[in-house]
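The values are calculated or read from the model by the stated rules, or taken from the named source; none is laboratory data. Note that this is a predicted model, so its numbers are computed, not measured. Neighbour counts are summed over all protein chains in view; Cβ atoms, including those assigned to glycine, are modelled from backbone coordinates with ideal geometry.
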Ligand code: AMP
Ligand code: GLY
């Protein structure tokens, strides 16, 4: 089979690597991919918003299966267009991906289907938003309604922080159309769990859980990012708690989407807060998490290609997971998630089976920075502690003149 992975980040490198291990797969293409993954996939110079170009390429190259990594092309109707062209694609249609594309849609959907989540209010009116925050008090969570690459969320602990976030979104229009409305959410307390599943209609195959680290700096300080590191499994939660999250959240979400004529195929991701009252949804995503994919897929012993094909043909294959733990640390450009320089040379990068590249370019045979999150280094271990020790030992070999990484990935369970 020929497989096409759309996107060019660490998640897509991991997807390409996972497909490349399958005996069923002969060729993996990535569009656009990145120079760090060229040993795993042939990178095609097509951007992930070039739907016509990608459909044409998939036809010409006789691609048998396409997987879309990022959310933006899903919400732009990439899967709809592939399906119209008669191409096999594993991902949600634009209609199904709305569960990620609009936080207000997702909240109302959860209410309709009794899926546990925090209370909320949606408004486009700044004055009304301010009054709501005054009435509810802090802490309160303020989110731009649409896609904002993980940067549209403020957990406000003071009225002032809340007001600044509301001004940025509703008055300064920092997020453009994505910030036409805000969602004001109840602040949920607990441990976070990222729970993803392979989904086709009402068939839900849950994956091993992962925990992301969203804040930029050690001790969960600093601004929210796309994710600075992750690990799997998440031993804070036992099987019964995870089963409950599947039963009360992932399954009803798949069922609800199917019932509303938005039947979901692809990866459904529930960002959960495990509260004293049980799991509650922070957000849904319509794709693999990044960096969650980088630590979950290396633990998948089943052939992902087989799993996807069987699922799409109406089966429900069992997923086999390795007992080994995987822990991964992101190295990002200094300044991320704010402004950062591009084109800075990275003189040394450690070697690992699980080295996944994201925002890198290549110049004179050397890697240079080309984005916020540059790479993720992960290691396996008999325990998370072992994996963590190996990762940080190896990261000593990374040239950090232009990069930084968190020193405490895994700190909720392991103290260093
Ligand atoms: P999101 O982009 O919606 O996943 O939000 C980013 C991060 O903000 C989450 O991973 C949480 O750490 C935090 N967050 C979002 N919503 C809430 C909430 N309702 N209560 C507490 N923390 C939240
Ligand atoms: N790591 C969180 C996300 O991919 O949205």
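Comparison of 199, 246 shows that the only residue that is outside any strand (DSSP E or B) and either at pLDDT below 95 or touching a strand residue (DSSP E or B) at 6+ places or on another chain (Cβ under 6 Å) (or both) is 246. Selection of segment 93-108 for residues being out of contact with any helix residue (DSSP H, G or I) (no Cβ under 6 Å at 6 or more places or on another chain) and away from ligand 1 (no atom under 15 Å from the Cβ) yields 95, 108. For segment 222-243, taking the residues that are part of a strand (DSSP E or B) and at pLDDT 95 or above, the one that is nearest to ligand 2 (Cβ to nearest atom) is identified as 230. Of the residues making up segment 260-291, just one is in contact with a helix residue (DSSP H, G or I) (Cβ under 9 Å, 6 or more places away or on another chain), farther than 20 Å from residue 96 by Cβ and assigned to a loop (DSSP other than H, G, I, E, B), namely 291. The set of residues from segment 401-416 being within 25 Å of the chain's Cα centre (by Cα), under 22 Å from residue 340 (Cα atoms) and outside any strand (DSSP E or B) comprises 402, 406, 407. Suppose the filter is away from ligand 2 (no atom under 16 Å from the Cβ), in contact (Cβ under 8 Å) with a residue 60 or more places away in the chain, more than 20 Å from residue 216 (Cα to Cα) and in contact with a helix residue (DSSP H, G or I) (Cβ under 7 Å, 6 or more places away or on another chain); does residue 120 pass it? Judged against the criteria, residue 120 is a match. If we scan segment 166-175, do we find a residue that is in a strand (DSSP E or B), more than 20 Å from the chain's Cα centre (by Cα) and crowded, with 22+ Cβ neighbours inside 10 Å? Looking through segment 166-175, none of the residues is in a strand (DSSP E or B), more than 20 Å from the chain's Cα centre (by Cα) and crowded, with 22+ Cβ neighbours inside 10 Å.
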